[in-house]
1. Applying the selection to segment 67-104, what residues are polar (S, T, N, Q) and either on the phi > 0 side of the Ramachandran plot or free of Cβ contacts under 8 Å to residues at least 24 places away in the same chain (or both)?
2. Examine segment 85-92 for a residue that is of a type in the set (Ser, Thr, Tyr), over 23 Å from VAL22 (Cα atoms) and either at pLDDT 95 or above or buried (at least 16 other Cβ atoms within 10 Å of the Cβ) (or both), and state whether such a residue exists.
3. Under the condition of being without any contact (Cβ under 8 Å) to a residue 60 or more places away in the chain and of a type in the set (A, V, I, L, M, F, W, C), which residue from segment 105-123 is farthest from ARG14 (Cα to Cα)?
4. Which of the residues spanning segment 8-27 are buried (at least 18 other Cβ atoms within 10 Å of the Cβ) and either in contact with a His (Cβ under 6 Å, 6 or more places away or on another chain) or part of a helix (DSSP H, G or I) (or both)?
5. Looking at VAL30 and the list (1) surrounded by 15 or more Cβ atoms within 10 Å (Cβ to Cβ); (2) outside any helix (DSSP H, G or I), which single condition is not satisfied?
Amino acid sequence: MAEPAPTVRLTSWRTIALSALVGAVVGWGVFFALDRLSLALPIPPLAGAGAIAVIAAVVGWQARQTRRAIHRRHERVQPNLAVALLALGKTAVIAGAALAGTYAAIVLYSLPHLDAESPRARVVGAGVSLLACVGLAVAGRMLERACEIPNPPPEDQSATPGEDPGEPRTRG
C-alpha cells in the first residue's frame with residue numbers, strides 16, 4: 001500500500017514575513033500610543049534577550065538531535081514525537097519572526113532620539129533581543145527541516161509508485 005502524500009510543509013516565507021510585519025506594526029503601535037499618551041516607554045531587558053537565546057539554543061539542539069536520528073541513523077521517530085517536534089519548529093519560526101518584527105520596530109522608533117540615555121538603552125536592549133529572536137526563528141526552521149523524511153534509497157522507490165523522488169516529505 002502506497003504511503004499517503006505529505007500534507008505538512010515547511011512554514012512559507014510569506015507566513016514568516018507576515019508574522020514579522022504584524023509584530024512590527026503592533027510594536028510600533030504600542031510605542032507610538034505610549035509616547036503620545038506621555039507614558040514611560042519601556043526598555044527591553046537584556047535578561048529577556050537571554051531567555052530567548054536560551055530557548056533558541058534548546059530548539060537548535062533539538063534540531064541537531066532530530067537531524068541525526070532521522071537523516072544519519074535512519075531511525076523511526078514516534079508519530080506523536082514527530083508532530084510535537086514539527087509543531088515546536090513551526091512555533092519557533094513564527095514566534096521568532098513576530099518578536100523580531102516587534103523589536104525591530106522598537107529599534108526604529110527609538111533611533112531618532114539616540115542623544116538621550118533612555119532611547120539608547122532601548123535600542124541596545126531591543127537590538128540584542130532582535131538578534132536572539134532571529135536566532136529563534138533560524139533554529140525553528142532548522143527543526144522543521146530536520147523533521148523532513150528523507151527520500152527512500154533507489155531500490156525502495158519501486159515500492160511507492162507515483163511519488164516524486166525529488167520532493168522531500170515532512171513527517172507529521
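1. GLN78, ASN80
2. Taking every residue of segment 85-92 in turn, none turns out to be of a type in the set (Ser, Thr, Tyr), over 23 Å from VAL22 (Cα atoms) and either at pLDDT 95 or above or buried (at least 16 other Cβ atoms within 10 Å of the Cβ) (or both).
3. ALA116
4. ILE16, SER19, ALA20, GLY23, ALA24, GLY27
5. (2)
Okay, residues lined up against (1) modelled with pLDDT of 95 or more; (2) over 16 Å from the mean Cα position of the chain (by Cα); (3) of a type in the set (Val, Ile, Thr):
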| site | (1), (2), (3) |
| --- | --- |
| PRO4 | no, yes, no |
| LEU10 | no, no, no |
| THR15 | yes, no, yes |
| PHE31 | no, yes, no |
| LEU39 | no, yes, no |
| PRO42 | no, yes, no |
| ALA51 | yes, no, no |
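Yes/no matrix, rows are residues, columns are (1) touching a Ser or Thr at 6+ places or on another chain (Cβ under 8 Å); (2) under 24 Å from LEU131 (Cα atoms); (3) of a type in the set (Val, Ile, Thr); (4) not in a loop (DSSP other than H, G, I, E, B):
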| residue | (1), (2), (3), (4) |
| --- | --- |
| LEU41 | yes, yes, no, no |
| ILE55 | no, yes, yes, yes |
| GLN62 | no, yes, no, yes |
| ALA69 | no, no, no, yes |
| VAL77 | yes, no, yes, no |
| LEU85 | yes, yes, no, yes |
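The values are calculated or read from the model by the stated rules, or taken from the named source; none is laboratory data. Just so you know, these numbers come straight off a predicted model, no measurement behind them. We place every Cβ from the backbone using ideal geometry, glycine too, and count neighbours over all the protein chains shown.
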